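Participant: Handing you this structure, nothing more for now.
Readers should treat all values here as calculations from the given coordinates under stated rules, not as data from a laboratory. In this text the structure is predicted, and so the values were computed from the model without any measurement. As a convention, Cβ positions derive from the backbone with ideal geometry for all residues, glycine included, and neighbour counts pool all protein chains shown.
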């Protein structure tokens, strides 16, 4: 269906509200989930499985949801993903073992696979020409603000209402997202660019993987997510060395996502007015320099500033990167493109902490941070190559 500017902006508002509530729900449970798992008797390995099972099922689910988005009404898909969220939210409170918690996390991951890529695919199709950066900046701003505010709200709920309160909070926020989508999002939203049959799907994915420009975009997304995942892992470790309280640690961790979220709309406007590849390079430079300084931080203030600086770098690059990926939506299908775009992020968030943890055990030096900095800068330079990414 055609979208005029007024309808496009209304849809963007609904998607942003839904994204904020859904991501706020995820952020709410992230601080208490390890404690909950330990209460159920989870070992270190089981805890890793509980945390990792979300990303694992989310990555696999995004391949499926990206393809379904080319054939089905996206409002149904989005409602289905939020329904998975709501069901998982309630199920957490009935978990009786680590095995059941792993299964619930996998269901939660499948729900996520049907929310984030679908909202971004819809944004790809409704964004007016020349305003793609603004639309993705708004949408991703809602995402990161939700992630950043979640841990802060979690501490308040858990401290005053008990360990189960954040799970009930996630349920309420997810149901609120469903209400927004059900009432205000139009029906019959689809890209209309789908190839039919398995052979068409395979050919399209092959074409995407052979598209050098898309591979550069996906690689930067992967490298940036690796670094973000590592930052989330090491900030609490560094903060504990400065004898910060759990509330203070949560605040420092949240600064990263809050800085990214607050600046997304501004950087999205920049992406519509200035060369996007230059903004990606600028964001990559800021983030890579921040990583170089991580091993040498000496105070809680410097740690907080580093968290903000990385968030600023990510904010400058993110809308431009999404807008460039979206430019291929009409060619390959926006659902497929955004599915792969988010898979790259999910894989980076999973891979970065694992590799860095291994290297830290082996070297006991700042080498892993220097390596990550070099990888991220290299990815930014690939995107900044003389061959233009924009049409």
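Participant: Which FRET efficiency value, to the nearest 0.05, is calculated for residue 183 and residue 103 with the Förster distance at 30 angstrom and r the Cβ-Cβ distance?
Facilitator: Efficiency for this residue pair is about 0.40.
Participant: Any chance you could run the full-extension gain for residue 93 through residue 129? It's 0.36 nm times the residue separation minus the Cα-Cα distance, nm to one decimal.
Facilitator: My answer for the length gained is 8.4 nm.
Participant: Could you order peptides 147-156, 176-185 by the average number of other Cβ atoms within 10 Å of their residues, highest first?
Facilitator: 147-156, 176-185
Participant: Further question: With the contact rule set at Cα under 8 Å and sequence spacing of 6 or more, what percent relative contact order holds for the range 205-305?
Facilitator: 31
Participant: Using label points projected 7 Å from each Cα along Cα→Cβ, tell me how many nm separate residue 289 and residue 269, to one decimal.
Facilitator: 2.4
Participant: Another one. Using 1/(1 + (r/R0)^6) with R0 = 22 angstrom and r between the beta carbons of residue 64 and residue 212, what's the FRET efficiency to the nearest 0.05?
Facilitator: E(calc), rounded to 0.05, equals 0.25.
Participant: A further question follows. Please sort 128-139, 203-214 by packing, taking for each peptide the average over its residues of neighbouring beta carbons within 10 angstrom, highest first.
Facilitator: Order by mean packing, descending: 128-139, 203-214.
Participant: Separate question: Starting from the Cα-Cα distance between residue 354 and residue 159, subtract it from 0.36 nm times their residue separation and give me the gain in nm to one decimal.
Facilitator: Extending this stretch completely gives an extra 67.1 nm.
Participant: Sticking with this structure for a sec: So if R0 is 41 Å, what FRET efficiency would residue 10 and residue 370 give, r being the distance between their Cβ atoms, rounded to the nearest 0.05?
Facilitator: Using R0 = 41 Å, I get an efficiency of 0.30.
Participant: Let me ask something additional. How long are the semi-axes of the equivalent ellipsoid of the range 5-383, taking √(5λ) for every eigenvalue λ of the Cα gyration tensor, in whole Å from largest down?
Facilitator: Values for the range 5-383, descending: 30, 26, 19 Å.
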